[in-house]
1. Taking region A:239-265, which residues are more than 28 Å from residue A:190 (Cβ to Cβ) and in contact with a strand residue (DSSP E or B) (Cβ under 8 Å, 6 or more places away or on another chain)?
2. Please list, ordered by residue number, the strands (runs of 3 or more DSSP E) wholly in region A:170-257 having 2 or more residues that are more than 16 Å from the chain's Cα centre (by Cα), in contact (Cβ under 8 Å) with a residue 40 or more places away in the chain and farther than 27 Å from residue A:119 by Cβ.
3. If I filter region B:124-136 for residues that are more than 16 Å from residue B:45 (Cβ to Cβ) and outside any loop (DSSP other than H, G, I, E, B), do I get at least one hit?
4. Would you tally the residues in region A:348-364 being more than 25 Å from the chain's Cα centre (by Cα) and not in a loop (DSSP other than H, G, I, E, B)?
5. So if I check each of A:399, A:368, A:372, A:385, which one is at positive phi, more than 13 Å from chain B (Cβ to nearest Cβ) and surrounded by fewer than 23 Cβ atoms within 10 Å (Cβ to Cβ)?
6. Which members of region B:362-383 meet the condition of being over 19 Å from the mean Cα position of the chain (by Cα) and in contact (Cβ under 8 Å) with a residue 24 or more places away in the chain?
7. Filter the helices (runs of 4 or more DSSP H) completely within region B:163-259 down to those with at least 3 residues that are over 27 Å from residue B:322 (Cβ atoms).
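The values are calculated or read from the model by the stated rules, or taken from the named source; none is laboratory data. Please read all numbers here as calculations on a predicted model, not as lab measurements. Methodologically, a virtual Cβ is constructed for each residue, glycine included, from the backbone with ideal geometry; neighbour enumeration extends over all protein chains shown.
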């Protein structure tokens, strides 16, 4: 499967006020006829300039698709199409059983979380420096499988070097990859977005490089197992291959520079990428400051949890980890443990952190995990006389609650 | 590279601004003198009884796309009304009229001083007027969500007054200060000191009127702002461009508000097994507003708004266009010479008691063209409302009234035309008036439904809940804190 998280406009909510088109910095990325306003998937670069000015919320609409809806499709709509079922050979019901399409479709949206500013002390991000028209050309300097051979999850750690090209990034940002070639209609392939898994000063300190965490996506079609175009391309890259890169993207899902800030990081599968970057940033700074880092990380099993080995080496004083496995052989199905279950076990610690105005929360992974996380925060707050909706609003206003799900 | 440069707003000053107010002591002093009068006006004439409640409002912290919509709970008198201009476009030239192609004016050209002042005063006067018209609505709000939307509209109209007052005080000296003062003295519907334009002296008696007003009448505001955004007087252009971004929210409140009323009515009809939209008594018994009455409301508000565009053939409007002060809707997208000396425009007129279209000098017909553009724009929403009705399976279509219907100003003020566009005699018109526009009994019925609903996440029975919350907030969000 080749999944794309396509930006769309809900024709039932949109009032055709033209504000989005007015604010869009890319000529032609948003256009309209007398019926609808539509987004050109080939041109939109997810800069999000249109999101906040939209008076209706219609602009904040997304569908995960295998093939982007064309402009004609969108012009013909009276309402948004339902989200199609995205097939995935490894997927199951449950919030984190599958971390499949993950990085293919990761992007900076924060659907369902309202408009949340960046943390007060984050660095100012650079965005859209490189575009489809003028992409950066990165060289692959490493590509390693980081899940055990023989497991279903084939997750790769890929290092890209930008040589003499400026590609400044911050932890939590994403980059776009343009797969080479054209689709069946002869059009260039859609850009794929991946979260950066390394800190701002490079995968290797002082190098002009960065790392990505990419899961090879497979799906069943026409009676055969097929491979996602974007993730397949990435996982098959060889050392010294050249890759066309756009971005960086993302200006809100960023870490605070304040060393006293606490970070609660909640993820599944390749959703761990931004947290690897943030953790490594703190580690390199030497761990001074009072800020705690608490990680909840879900996967099926240790052998399918990206970076399981390296994580074991980090001291608890730097990173307090809760690794949660939903499919360990000695646990029967009724006993599957997901991140929200483990969060409930750490309710005391979470509540203490929530009471601290220096705490920032990040959620990254499958969309399905959001609800469980929400419910857990809600109930642990309710048990302690805290009003979670009100607290969450405060966190959002302060840029301290960030969700990136797909 | 397309990274936008964030234009920060200075919030340290009493008056938040991005025009470097603190560097112009005289201007700052004049505005600071006006400020207490404005706050007094707000407390006297703003939303009645709600000034001590915290409302979830958006405030601009910058005029770039990412900075201008920051949401938080604030008390309305503490809202940061500021002076915000869209970023300057370097090298901008006058886009139309006889000065077309010359650099835009940063100061008022002496020859156009009074014309420009008049344009700004007329626009400015509408802003506080609508706040006054809507001041009692909080008492009957159908939900906290709707109440919040009302107050957002109100504070932004207040800011639009600020925007116009800034121009008057900065660029028109003593006259400007005098006009700014007058803005706070006129009162909507007051016999002695009425607001300048007729529609702004009409009452907004109920929430359906409010939604119709924000849809139809605020849309006139949008069209006027669009025309002024083309202005060769650059400070006016920049001011109105930023106002338009806020105005879009008002369009949204109107369009979605009317739609939610329609949807609730259709839902209630379906639940009760009523398929005939003209079974008015049975439908009203369900506690919802029947579709024919909504059509009559529409006829009233749209026709009253048509008058705001002024005479179809106007020497004032022609002069403002020729001078480069007020352009056309989407002037930049129009493909002509933008001077129009040799152009004509078809204008509907009354000849021998009949409606006929005649080509007129395009400059003289500027108002007529703007009215036509307005009608096209307004019909878009009517079409979407009809889709919503059709989707719920009710056989009924709303229609825009003919532009000659119920006119008090312009070509059609002396004849009687039905909403369908048929010219009739005065007796026929009067006899059918209650079929065209809401009767006293209709208004009494609607008024009877106007009971407040202040429970979080609850909505009055005559209106459907919105499809999405403001700023993606969940359904039971506390948009106004009543405690």
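1. Restricting attention to region A:239-265, the residues satisfying the condition of being more than 28 Å from residue A:190 (Cβ to Cβ) are A:255-265.
Across region A:239-265, the qualifying residues are A:255, A:256, A:261, A:262, A:263, A:264, A:265.
2. Numbers: elements: A:174-178, A:192-195, A:209-215, A:218-221, A:224-227, A:242-249.
Filter on region A:170-257 gives A:218-221, A:224-227, A:242-249.
3. Looking only at region B:124-136, we keep the residues that are more than 16 Å from residue B:45 (Cβ to Cβ), and these are none.
No: region B:124-136 contains no residue that is more than 16 Å from residue B:45 (Cβ to Cβ) and outside any loop (DSSP other than H, G, I, E, B).
4. Of the residues in that region, 4 qualify.
5. Numbers: A:399 fails: more than 13 Å from chain B (Cβ to nearest Cβ); A:368 fails: at positive phi; A:372 fails: at positive phi.
Answer to the selection: A:385.
6. Here is the first cut: in region B:362-383, the ones over 19 Å from the mean Cα position of the chain (by Cα) are B:362-366, B:383.
Correct list: B:363, B:364, B:365, B:366.
7. B:173-185, B:207-212
Residues are listed down the side, and each one gets a yes or a no for (1) out of contact with any strand residue (DSSP E or B) (no Cβ under 6 Å at 6 or more places or on another chain); (2) surrounded by 13 or more Cβ atoms within 10 Å (Cβ to Cβ); (3) within 14 Å of chain A (Cβ to nearest Cβ); (4) at pLDDT below 95:
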residue	(1), (2), (3), (4)
B:334	yes, yes, no, yes
B:342	yes, no, no, yes
B:347	no, yes, no, no
B:354	yes, no, no, yes
B:361	yes, yes, no, no
B:382	yes, yes, yes, no
B:394	yes, yes, no, no
